[in-house]
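What follows is calculated from the coordinates using simple rules that are stated; it is not laboratory data. As the structure is a computational prediction, the values presented were derived from the model and not from experiment. When we count neighbours, we look across all protein chains shown, and the Cβ atoms used for this are built from the backbone with ideal geometry, even at glycine.
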Amino acid sequence: QHKSSVVHTIPMDQFYDTFIKNFISVVLDLIINYINGTFVLVFFKNTIFYSDPRYILYTHLVINDIIMLSISVGLQVTIYVVGTFSLSVCCVLLFVAVIVTKNSPLNLACMSIERYIAICKPLHHPQICTVRRTYVLICDIFITLSTRPASFFSTAILCHRVFIYNTWQHAVNDTVSNVVYLLFVWTTLIVTYFKVLSAANAASTDRVSARKARNTILLHGGQLLLCMMSYITPLISTALIDIFPRSRSTILFILFLLSNILPRLLSPLIYGLRDKQFAERVKVYFCCKQIKTQIIPVN
């Protein structure tokens, strides 16, 4: 009863506002997923990429972004169109969304460790960072994060995590696990950064490669800050809605764009285009498509 009353007290948008918000979300979803999908396609079409742990981890990050963005926008559109639906479906979608969201920071930590080994332990890198171990690591990440049980699957409900995991136990568990989780990732990034920084100052190290690795880890830190938006967005939305209660829907939509949609575009721009091998093959892919579209048969 309490849950249904909460759902019905949420004001609904007008049709025009609903259409505009969904249109913006779907268009951004298609554009970003097309760009990310292009990078994934380039990865699978080139042996040099899917035989390198560094590119495997990067592509795993991009695939996570594609899944997260598709689920987020799909849920938004479905909630506006359908309203409430089966809790079992909602649990599955939220379960996958939570896993891929928390995958990204851990993946960034793994990418930083890989760069640290490549620069500071170059002789051991081929033995430690193998393709097989990389895929095992990715599986371990999924298994580690797949710990939330779906213990109830009946009734219809607005598909939002606050209506499903709404007890104080869930709140405490989320807070503690998120703090420990982010502390681990930040500690990994900071330690690997300073290790690579000290290696860059060593005479026996390739300083150009060390500098690139150091800058890459810094970018990982920037990407992690964007990932943390999903953790602080509820606090920001609560504060803003208390100040502007009539703009609740607009506030939630803007924060949704900033925390869930736009950061998914940064992975290919920050890492893919910065990498010369990836950038060259992406350019070739787009150029070939343009050339093919310009060919007109003459009878």
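Taking a ≥ b ≥ c as the square roots of the eigenvalues of the Cα gyration tensor, region 23-154 is oblate, since a/c reaches 1.5 or more and a/b is not larger than b/c.
Students often get this wrong, so check it: of Lys45/Lys212; Lys45/Lys121; Lys212/Lys276, which have C-alpha atoms separated by over 24 Å? List each step's numbers first, then the result.
Details: Lys45/Lys212 26 Å; Lys45/Lys121 30 Å; Lys212/Lys276 12 Å.
The pairs that break the limit, which is 24 Å between Cα atoms, are Lys45/Lys212; Lys45/Lys121.
With neighbours defined as other Cβ atoms within 10 Å of a residue's Cβ, the residues Ile31, Ile79, Ile217, Ile56 order from fewest to most as Ile31, Ile79, Ile56, Ile217.
Give the order of His124, His220, His60 when sorted by the count of other beta carbons within 10 angstrom, beginning with the fewest. If you can, show how the numbers build up before the last one.
Working: His124 11, His220 26, His60 22.
Fewest to most other Cβ atoms nearby, the residues stand as His124, His60, His220.
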